[in-house]
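Below: the structure, in C-alpha cells.
The values are calculated or read from the model by the stated rules, or taken from the named source; none is laboratory data. Since this is a predicted model, take the numbers as computed values, not measurements. Please note: Cβ atoms are built from the backbone with ideal geometry, for glycine as well, and neighbour counts cover all protein chains shown. Just so you know, the surface numbers come from the protein's heavy atoms only, side chains and all, with ligands and any DNA or RNA stripped out. Shrake-Rupley method; radii C 1.70, N 1.55, O 1.52, S 1.80 Å.
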Amino acid sequence: MIFSRFFRRRTPPSPQLESGLKRSRQGIFRQIVQLFERSQIDRELFDDLEALLIQADLGVATTEALLERLQERVRRGEIRDPVEAREALREEMVALLEAAMRNRRVKIYQRGVPFVSLVVGVNGTGKTTTIAKLARYHLDQGRTVLLVAADTFRAAAIDQLKAWGERLGVPVIAHAPGADPGAVVFDGMQAAHNRGIDVLLIDTAGRLHTKSNLMAELAKIRRVIQRHVPDAPHEVLLVIDATTGQNGLNQARVFTEAAGVTDIALTKLDGTAKGGIAFAIARELGIPIAYVGTGEKPTDFAEFDPEAYVDALFFGDEED
C-alpha cells in the first residue's frame, strides 16, 4: 500500500510508551490516522480532524492552531495529498511539544549537594507514586535519594511515602499527621546536608481550596529550602493525571501561578487518557513535560521525548 510506505515512525519504539499509550493509539488516534485514507484533501477532512483532535483532549485553541498550520502548508503547496497531510500533522505535533521543551531548565546534579525537587499536584493524580518512580529513576543513575513527607494533612500520604521508601531502600523524613510542613522540610534539608544526599524529593499537600492558601504554604516551604540551598528548589514538578483531560490544564494554570512550575509529569497514560493533554499544556502554558508515568510499577516511568511520544500515538506494533 503506497500510503503506508510514506508514513513511518522516526524513532525506535519505546516499550514503556508503546504499552502506556496503547489505549489512546487504538482508540481516538486510530480514527485520526484513518481520516487520511482518502484520495484528496477536502473540507470534510479538516472538519473531521478538528472534531477528533478536540475529542482527544487537545482543546479548541491548540486544535485550531494545528489546523491553521496544516491549512497554511496546503495553501503554500507543501501538502498536496492526504499522505503528505498526515505526515505534516505528525511533524506539527512534534514541533509543538519541542517548542515547550526549549523552556526546560538544565538540571545539574553535584555529588553530595542536594538537588531539590518540589513535587506538587492535586490529590489523586498519582503524586506520591510519581515521587517513588523519580526516586527509582535517580537510584538507577547512581544518585543517593532522600524523601520528605511534607503532605502532612493526609496520614495516608505519609504512610504511602514511607512504604515506598522501605520498598526502594530510600530514607524518608516524616513527622506525625497534622505537623507543620515547613518543619518537616527543615528536617529534610538538614538531613540531606548531613548525609551528603544527591537528590531530595519533597512531597507537598495536594489541596486546591484557594490559590492564596496554596501560594502561602508553598512560599513558606520555599523559604525553608532556600535557607539551606539559596537557588533551590531546582525543580518544581507538577504531577497531572492525564485522564482528567482539560481539567488537568486548569490545574496546571493554578499551580504554575502559585508554585512557579518548571516541569510536568504526566501520569496514568495507561488508563483512559486520550493523549492530547500533553499538546494543550505545551502550547498554552509553554511548560515542558519532563516525565511520563505509564503504570503502577516503579519502572513504569520514562523521560519525555516529543518524537517518541507522537510516534507511540500514531504507530502500533502491527505497523512497525
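Tabulated values for the structure
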| item | result |
| --- | --- |
| Integer Hz, Karplus 6.51/-1.76/1.60 couplings in order for the range 226-232, x for Gly and Pro | 6, 5, 9, 10, x, 9, 8 |
| Principal-axis tilt of helix 127-140 within the chain, Cα atoms, nearest 10 degrees | 90 degrees |
| The chain - percent of accessible surface contributed by carbon and sulfur, probe 1.4 Å | 48 percent |
| Efficiency of FRET from Cβ geometry, ASN194 and GLU284, R₀ 51 Å, rounded to 0.05 | 0.75 |
| Calculated on alpha-carbon atoms, Rg and Dmax of the chain in Å | 21.1, 68 |
| Helix-only CD estimate at 222 nm, as mean residue ellipticity for the chain, using -39500 (n - 2.57) per DSSP H run (n ≥ 4) | -16000 deg cm²/dmol |
| Extreme residue, positive dipole direction of the range 42-130, given options LEU96, LEU49, THR129 (C-beta unit charges) | THR129 |
| Using θ = phi - 60° and Karplus 6.51 cos²θ - 1.76 cosθ + 1.60, couplings along the range 88-96 (whole Hz; Gly, Pro as x) | 5, 4, 4, 4, 5, 5, 5, 4, 5 |
| Average Cα contact separation per residue, the range 190-315, under 8 Å, 6 or more apart, as relative contact order % | 18 percent |
| Largest to smallest accessible area among ARG111, ARG143, ARG69, ARG223 [probe 1.4 Å] | ARG111, ARG223, ARG69, ARG143 |
| All Cα pairs of the range 37-177, percent lying beyond 27 Å | 50 percent |
| Two-decimal Rg to Rh for the range 189-314 - Kirkwood Rh, Cα set | 1.00 |
| ASP140/LYS162 FRET efficiency (R0 22 Å; Cβ-Cβ; nearest 0.05) | 0.55 |
| Length released on extending from ARG8 to GLN31, taking residue separation times 0.36 nm less the Cα-Cα span | 6.6 nm |
| Integer Hz, Karplus 6.51/-1.76/1.60 couplings in order for the range 193-205, x for Gly and Pro | 5, 5, 9, x, 6, 7, 10, 10, 10, 10, 7, 10, 5 |
| Debye intensity ratio in log₁₀ form over the Cα atoms of the range 218-260, taken at each q of 0.16, 0.25, 0.33, 0.34 Å⁻¹ | -0.50, -0.85, -1.13, -1.16 |
| Rounded accessible area per residue of the chain, 1.4 Å, Å² | 42 Å² |
| Hull volume in cubic angstrom per residue (convex hull over the Cα atoms of the range 1-119) | 165 Å³ |
| Binned Cα-Cα distance frequencies in the range 238-311 - 10 Å width, integer % | 20, 58, 21, 1 |
| Rounded to whole Å, sorted largest first: equivalent-ellipsoid semi-axes of the range 113-168, Cα gyration tensor | 19, 12, 11 |
| The range 157-231 and the range 238-262: distance between their alpha carbon centers, rounded to Å | 20 Å |
| The chain: relative contact order in percent, alpha carbon pairs under 8 Å with at least 6 residues between | 29 percent |
| Square roots of 5 times each gyration tensor eigenvalue, C-alpha, the range 181-237, largest first, Å | 22, 11, 10 |
| 5 angstrom amide H check on THR267, placed H, neighbours 5+ away | ILE240, ASP241, ALA242, GLY293 |
| Cross-link table LYS107/LYS162; LYS133/LYS274; LYS133/LYS162; LYS127/LYS220; LYS220/LYS297; LYS220/LYS268, entries beyond 24 Å C-alpha to C-alpha | LYS107/LYS162; LYS220/LYS297; LYS220/LYS268 |
| Percentage relative contact order, the range 73-210, counting C-alpha pairs under 8 Å, at least six apart | 34 percent |
| Cα-based equivalent ellipsoid of the range 98-205: semi-axis lengths in Å, sorted from largest, via gyration tensor | 21, 17, 13 |
